[in-house]
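The values are calculated or read from the model by the stated rules, or taken from the named source; none is laboratory data. In this text, all values refer to a predicted model and were calculated from it rather than measured experimentally. Cβ coordinates were reconstructed from backbone atoms using ideal geometry, including for glycine residues, and neighbour counts include every protein chain displayed. Just so you know, the surface numbers come from the protein's heavy atoms only, side chains and all, with ligands and any DNA or RNA stripped out. Shrake-Rupley method; radii C 1.70, N 1.55, O 1.52, S 1.80 Å.
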Amino acid sequence: MRGATIIAAMYPLEDRPALMKSAVIAARLNEQGATVVLGDILEEEGTRVAQEIGERAHFVPHDVSHEVEWNQIVTRALELGGRVDVLVNNASS
């Protein structure tokens with residue numbers, strides 16, 4: 001979480017689109033004003049987390065091993081914010 005705090009301190013995040021997998025980081029960036037797009041293979045949990053974070057949080061089903069799903073999640077982020085200013089890719093196997 002320290003990294004998100006540093007980003008928030010260095011750069012204003014109000015209305016900045018951010019794309020990530022981490023619910024904790026998404027919540028912190030959202031608190032700083034960022035619109036967040038969460039992606040994960042766990043659809044039910046991802047939807048719930050986005051709803052808990054709030055109206056500027058969106059969930060897109062996303063398996064990082066499938067290129068077409070990268071296209072889908074980036075497209076959704078672009079629809080919401082016109083650009084992606086923050087990308088947190090912390091997927092693990």
| Cα-centre dipole for region 26-76 with unit charges at Cβ (Lys and Arg positive, Asp and Glu negative), debye to 20 | 260 debye
| How much solvent-accessible surface does Val86 expose, in Å² to the nearest 10, with a 1.4 Å probe and all protein chains in place? | 20 Å²
| query | Between Rg and the Kirkwood Rh of region 42-93, both from Cα atoms, what is the Rg to Rh ratio? | reply | 0.95
| Extension gain Val84-Glu43, at 0.36 nm per residue separation less the Cα-Cα distance, in nm? | 12.6 nm
| said: Can you pull out the GluC sites (Glu not before Pro) in region 55-93 whose DSSP state is coil and whose Cβ has at most 14 other Cβ atoms within 10 Å? | reply: Glu55
